[in-house]
Amino acid sequence: MIIRLAIASLSARALTVGMTILAIALSVTLFLGVEKIRTGAKTSFSDTISGTDLIVGARSGSVQLLLYSVFRIGNATNNVTWESYQEIAQRPEIEWIVPISLGDSHRQFRVMGTSTAFFEYYQYRQDRSLETAEGALMDDLFDAVIGSDVADTLEYSVGDPIVVAHGLASFTEHKDQPFRVSGILKKTGTPVDRTVIVSMEAIEAIHVDWKSGAKVPGKTTPVDMIRQMDLTPKAVTAALIGVKSPLQTFTLQRAVNDYTEEPLLAILPGVALQELWGIVGIAETALLAVSAMVVVTALIGMMATIFSSLNERRREMAIFRAVGARPSNILGMLVLEAMLTAAVGALLGFCFLYVGLLAAQPVLDSAYGIWLPIEPPKWREIGVVLAVIAAGAIVSLVPAYRAYRLSLADGMMVKS
Amino acid sequence: MNLRRDDPILNMSGVRFQWPGRTSFALNVPAFCLQRGETVLLLGESGSGKSTLLSLICGTLQTGTGTIAVSGTDLAALSGAGRDRLRAEQIGVIFQQFNLLPFATVSDNILLPLRFAPNRRSRTKMPFEEATRLCRSLGLPDDLLGQRAASLSVGQQQRVAVARALIGQPPLMIADEPTSSLDAGSQNAFLDLMFGQLGEIGASLLMVSHDPRLGDRFDRVVELSDIAMIEGRAA
Ligand SMILES: Nc1ncnc2c1ncn2[C@@H]1O[C@H](COP(=O)(O)OP(=O)(O)O)[C@@H](O)[C@H]1O
Ligand SMILES: [Mg+2]
């Protein structure tokens with residue numbers, strides 16, 4: 001009966017209680033949403049590369065190498081010479097090696113030069129390989145395979161001509177060598193979706209008339225002549241490596257790091273990711289703290305409404321006292337009401353979260369490649385809800401104690 | 001709890017009360033006694049201290065001096081929780097108005113005291129049926145029980161308050177001007193119904209009022225000024 005009375009009392013003040021519930025619900029949605037995006041982003045990142053044992057590039061930070069080689073974030077400061085690449089590729093530990101050449105762009109998308117081995121060995125989400133949705137892999141020198149986002153955004157289909165710009169976000173386009181879309185990849189949820197893939201030779205071909213980053217004035221080698229030229233790459237940006245046995249990973253890593261001809265760096269993708277989490281960990285914690293503060297703010301709002309309702313509820317408390325309730329019963333009732341309010345708010349917040357997920361899932365996926373799974377609540381999230389209810393109870397103790405004092409003083413007589 | 005049957009239901013002696021921080025008003029009750037089953041009308045002007053006296057009896061206000069014994073138990077000997085328990089078990093209370101929780105149903109209002117009074121609860125074998133029976137005897141239609149108290153007329157609310165005061169058969173009923181908010185016609189009907197139910201369970205009644213015309217049906221009519229010395233009456 002007491003719970004029924006609490007519900008009746010709350011619904012009699014539906015408007016203010018509703019506002020309080022809404023505030024708590026939104027704050028809980030925010031908190032759980034931040035948590036979802038955080039874990040979703042982590043899995044998306046971890047899912048981007050799998051099956052690769054080592055990544056080799058010019059010596060820089062390991063996080064930097066991981067970011068530019070796999071996530072296409074930032075740029076390489078230096079390249080690895082083709083000779084060094086060849087030498088590493090000859091090593092006995094190597095099962096497979098895929099060169100990557102970055103630095104050019106097509107509209108807002110990056111162009112990556114690589115070999116067809118890339119399509120064979122690159123894996124994401126544990127063990128998935130790249131597949132073409134339409135067309136075929138590169139065959140001709142000027143063939144390009146595009147990711148699904150590239151195709152969707154630019155509305156390209158197989159056979160369309162495209163022009164590659166040298167450098168990133170640059171207006172100087174390599175007008176002379178028109179590429180052709182030979183294939184479109186299936187969606188992967190990785191940066192591959194936003195990449196234009198061409199052969200290593202194609203990257204060389206683009207730069208025939210260029211010297212140290214600038215076009216040689218007046219020089220335009222016709223396409224036919226380019227096809228006759230030796231297009232062996234001069235450098236690679238990075239290389240993805242698979243080793244024969246996991247035990248050899250560290251031997252190879254040490255060998256690359258100790259390479260004497262030029263300063264190189266070999267990283268284990270998983271270790272570099274851990275390092276990355278370490279860096280973003282502070283921001284993550286800050287974000288979580290802020291959203292937790294929003295929940296606390298909503299609960300303090302609830303405390304304020306309880307406080308302001310106390311005066312008009314003195315008669316109600318006098319009635320309870322007249323039928324034999326102790327002041328502590330009145331305290332308990334207010335805490336119970338606060339817990340109900342917080343519980344409804346938290347559960348509603350959960351509903352908002354799922355609605356929000358349904359709406360945001362495709363957007364986040366296409367814009368950021370972050371896939372947020374819609375799944376039943378985890379223990380951690382249930383824990384959050386219970387914590388909100390408990391915090392609601394604790395926060396309500398302050399006005400409830402005031403009600404206790406008031407009802408002790410008022411007794412059955414409310415001075416009006 | 002000492003519940004000797006021959007104890008008076010209420011026995012006050014040497015009680016002196018003053019509101020803390022106020023010197024202008026003081027209530028002195030040298031001796032006042034109410035027998036079991038007795039109905040007493042206590043008359044006094046507005047501001048003379050009637051409600052204060054009832055709060056003292058109910059144990060929500062405390063005196064520094066004298067004794068107030070309800071059913072033979074001295075309130076001063078009890079803790080706050082003990083006094084609340086004694087009130088819950090022994091006393092049914094009705095005010096002038098605002099007796100009911102407006103948001104709760106009539107039946108929840110009537111059954112509310114049982115929540116705080118286990119003995120009254122165990123005496124009431126079937127609470128909901130008992131509430132229905134009380135409502136019927138007080139002339140309230142059955143379909144009222146499920147309605148919110150706020151939707152009732154003042155007269156109906158006062159009768160529901162009687163039902164609540166009497167559920168579980170407490171030995172003492174205390175009424176603070178329960179008829180003042182009713183018009184003259186319904187005052188009599190209300191008192192008839194209330195006295196009918198009181199007689200059935202043999203409970204005592206201490207009712208205060210400023211209206212001497214109600215005196216006929218009571219065993220005893222007492223002027224507050226006869227049993228109490230009131231100092232510095234408020235204007
Ligand atoms: N909570 C209170 N604090 C201080 N004085 C009070 C309080 N309640 C009532 N009084 C004073 O006590 C006196 C008696 O009031 P009350 O018992 O309500 O009289 P009655 O019920 O006979 O009209 C009045 O002077 C009133 O102002
Ligand atoms: Mg009064």
Looking at the structure I just gave you, is B:Phe116 of a type outside the set (Gly, Ala, Ser), under 18 Å from the mean Cα position of the chain (by Cα) and on the phi > 0 side of the Ramachandran plot?
no
Being facing chain A (nearest Cβ under 7 Å) and either buried (at least 23 other Cβ atoms within 10 Å of the Cβ) or touching a residue at least 60 places away in the same chain (Cβ under 8 Å) (or both) is the filter here; which residues of region B:62-98 pass it?
B:Asp84, B:Arg87, B:Ala88, B:Val93
So the helices (runs of 4 or more DSSP H) completely within region A:45-122 holding 3 or more residues that are closer than 20 Å to A:Val271 by Cα are A:62-70
B:Asn28 - would you say it is more than 14 Å from every other protein chain (Cβ to nearest Cβ), out of contact with any Phe, Trp or Tyr (no Cβ under 6 Å at 6 or more places or on another chain), away from ligand 2 (no atom under 16 Å from the Cβ) and modelled with pLDDT of 90 or more?
no
I need every pair where a residue in region B:20-31 that is over 17 Å from B:Ile68 (Cα atoms) has its Cβ under 9 Å from the Cβ of a residue that is among the small types (Gly, Ala, Ser) and within 16 Å of ligand 2 (Cβ to nearest atom), sequence separation at least 6 or different chains.
B:Ser24/B:Ala234; B:Phe25/B:Gly47; B:Phe25/B:Gly49; B:Phe25/B:Ala234
Of all residues in region B:184-225, how many are within 16 Å of ligand 1 (Cβ to nearest atom) and loosely packed, with under 12 Cβ neighbours inside 10 Å?
1
Only one of A:Leu32, A:Leu102 is in contact with a Lys or Arg (Cβ under 7 Å, 6 or more places away or on another chain) and either closer than 30 Å to A:Arg313 by Cβ or in contact (Cβ under 8 Å) with a residue 12 or more places away in the chain (or both). Can you tell me which?
A:Leu102
If you check B:Ile57 against the conditions, is it within 16 Å of ligand 2 (Cβ to nearest atom) and either within 14 Å of chain A (Cβ to nearest Cβ) or crowded, with 20+ Cβ neighbours inside 10 Å (or both)?
yes
Have a look at A:Thr249, A:Thr221 and point out the one that is over 25 Å from A:Gln64 (Cβ atoms) and either modelled with pLDDT under 90 or surrounded by 12 or more Cβ atoms within 10 Å (Cβ to Cβ) (or both).
A:Thr221
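Residues checked against (1) under 31 Å from the mean Cα position of the chain (by Cα); (2) within 22 Å of A:Tyr124 (Cα to Cα); (3) touching a residue at least 60 places away in the same chain (Cβ under 8 Å); (4) not assigned by TED's automatic domain parsing to the domain that holds A:Glu83:
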{"site": "A:Asp224", "(1), (2), (3), (4)": "no, no, no, no"}
{"site": "A:Gly242", "(1), (2), (3), (4)": "yes, yes, yes, no"}
{"site": "A:Ser291", "(1), (2), (3), (4)": "yes, no, yes, yes"}
{"site": "A:Asn311", "(1), (2), (3), (4)": "no, no, no, yes"}
{"site": "A:Ser328", "(1), (2), (3), (4)": "no, no, yes, yes"}
Here is a list: A:Asp140, A:Asp104, A:Asp149. Which entry is out of contact with any Pro (no Cβ under 9 Å at 6 or more places or on another chain), more than 30 Å from A:Val280 (Cβ to Cβ) and not hydroxyl-bearing (Ser, Thr, Tyr)?
A:Asp140
Enumeration of residues in region A:367-416 that are within 16 Å of ligand 1 (Cβ to nearest atom) and polar (S, T, N, Q)
A:Ser407, A:Ser416
Contacts under 7 angstrom Cβ, first residue in region A:114-127 being under 17 Å from A:Phe71 (Cα atoms), partner part of a loop (DSSP other than H, G, I, E, B), 6 or more apart
A:Phe119/A:Leu130; A:Phe119/A:Leu137; A:Tyr121/A:Gly51; A:Tyr122/A:Leu130; A:Gln123/A:Gly51; A:Tyr124/A:Ile49; A:Tyr124/A:Thr188; A:Tyr124/A:Thr190
Residue within region A:269-279 that is among the acidic types (Asp, Glu) and more than 14 Å from chain B (Cβ to nearest Cβ) present
yes
So which of A:Arg321, A:Arg380 is within 30 Å of B:Leu172 (Cα to Cα) and in the same structural domain as A:Ile300 (by TED's automatic domain parsing)?
A:Arg321
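The values are calculated or read from the model by the stated rules, or taken from the named source; none is laboratory data. Just so we're clear, the structure is a prediction, and the values are computed from it rather than from any experiment. As a convention, Cβ positions derive from the backbone with ideal geometry for all residues, glycine included, and neighbour counts pool all protein chains shown.
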